[in-house]
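Some notes on the structure that comes next.
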Amino acid sequence: MFEGNVRLISMLGVLTVIVIASLMLDYFHILRRPVRISMGIALLAMGAGAVLTLGAVLPDNHFYGQVCAQVQTKHKVVALTFDDGPYSPYTEQILDILQERNVPATFFLVGSNAAKHPQLVKRIVDEGHQIGNHTYTHVDLLKLDRAQAIEEIDRTNAVLKSEVGFVPHVARPPHGFRDPAIMDVMASRGLSVVEWSVMSKDWTNPGEEAIVERTINKVKNGSIVLLHDGDGIAAKADRSQTVAATRKIIEKLQAQGYRFVTVDEILKSREAK
Ligand SMILES: [Zn+2]
């Protein structure tokens, strides 16, 4: 539907010009009869802007191409995903809990954090977890040009390759934001875009109980849960609420009969339509 170099910002720019021009025509009573055509065009352009923006920011929207936010399955499987790490000591604490409960998870790693903590990246992989690319500096990719976006992805892949010997085949753009050019960049690197269906806003540190409740209440078969072991590249925020909540989320969902799997495995459990 879109060319691979189309940017959201360019499309919104064109629509803004159309809206302003149409409103001016309407203001000067041009194209007002028999109906207010220019006002109609302005409204259509605003609606198109809303559709284009929602396609970029909603995690389960496929407007710019296929993303994975959850899967349809009759199996009681759920995938935990941890973003923004590695970030000591929280990544280690989460790995300890996952190991204790024999739970595999998926870590979307920030390249610059991975460069600082090679031993943690190795531990994540050695303990059977999946890794994904979450850019090098955790920047909003919609604000970068295509070459800069490619650099964010490639630098991260290069760090991960040097540390664990392979590059991931899944990526999560920071905040989940993407547009046609970003989807094209991901595809050119063999990366599937993985979003999420359950989010507790754990990064705001709303309290351990809130993180647990919000997660448990929304989980269903095939859910992908968004959590954070890291804090962008700032690495300042405390993640102990997420650590404590992770333990409880695992205990409660296991008690309900859920089985935890990696993103790759949850994709395999997807039912044929
Ligand atoms: Zn992130």
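Please report Ile97, Ile150 as a ranked list, fewest other C-beta atoms within 10 angstrom at the top and most at the bottom. All intermediate terms of the calculation are to be shown ahead of the outcome.
Numbers: Ile97 19, Ile150 16.
If I rank by nearby Cβ atoms, fewest first, I get Ile150, Ile97.
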Please sort through the DSSP H helices of the chain and keep those with an alpha-carbon extent of at least 20 Å along the long axis and a Kyte-Doolittle average not below -0.5. 8-27, 37-57, 146-164, 240-255
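Apply the a/c threshold of 1.5 to the C-alpha gyration tensor of region 153-273 and tell me whether it is rounded, prolate or oblate. Intermediate values should be presented prior to the final figure.
Details: a/c = 1.90, a/b = 1.33, b/c = 1.42.
Cα axes put region 153-273 in the oblate bin.
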Within 10 Å, at most 13 other Cβ atoms, and a DSSP state outside H, G, I, E, B define an exposed site. Report the longest part of the chain free of exposed GluC sites (Glu not before Pro). 128-270
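Would you order Leu95, Leu144 from fewest to most other beta-carbon atoms within 10 Å of each residue's own beta-carbon?
Numbers: Leu95 22, Leu144 19.
Least crowded to most crowded, the residues run Leu144, Leu95.
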Could you derive backbone 3J(HN,Hα) for region 168-176 from the dihedral phi with the Karplus parameters 6.51, -1.76 and 1.60 (θ = phi - 60°), listing whole Hz in sequence and x where the residue is Gly or Pro? x, 10, 10, 9, 10, x, x, 6, x
To the nearest Å, what is the center-to-center distance of region 235-273 and region 11-39, using C-alpha atoms only? 49
Could you line up Ile20, Ile37 from fewest to most neighbouring Cβ atoms inside 10 Å? Ile20, Ile37
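If you average the sequence gap of Cα pairs under 8 Å that are 6 or more apart and divide by the length of region 8-57, what percent do you get for the contact order? Let's see the in-between values first.
Values: 38 pairs, mean separation 22.8, N = 50.
Relative CO of region 8-57 lands at 46 percent.
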Full-extension gain in nm, Lys252 to Arg36, via 0.36 nm per residue minus C-alpha separation: 72.0 nm
222 nm [θ] for the chain, helices only, -39500 (n - 2.57) per DSSP H run of 4+, per residue, to 500? -15000 deg cm²/dmol
How are the Cα pair distances of the chain distributed, in percent, across 10 Å bins from 0? 7, 28, 31, 19, 9, 5, 2, 0
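Say R0 is 41 Å: what FRET efficiency, to the nearest 0.05, do Thr16 and Glu209 get from their beta-carbon distance?
Details: r = 43 Å, r/R0 = 1.06.
So, using R0 = 41 Å, E works out to roughly 0.40.
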Below 14 angstrom from the Cβ of Val164, what's the summed charge of the other residues (Lys, Arg +1; Asp, Glu -1)? 0
On a full-extension model of 0.36 nm per residue, what is the gain between Ala48 and Glu3, subtracting their alpha-carbon distance, rounded to one decimal in nm? 14.5 nm
Lysines whose Cα lies under 22 Å from that of Lys236, excluding same-chain neighbours fewer than 8 positions away: Lys116, Lys201
Label-to-label distance, nm, for residues given as Leu58 and Lys74 (7 Å Cα→Cβ offset): 2.9
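Each value in this text was obtained by applying a stated rule to the coordinates, not by laboratory testing. Every value quoted in this text rests on a predicted model; they were computed, and no experiment measured them. Glycine gets a Cβ as well: all are built from the backbone with ideal geometry, and neighbour counts include every protein chain shown.
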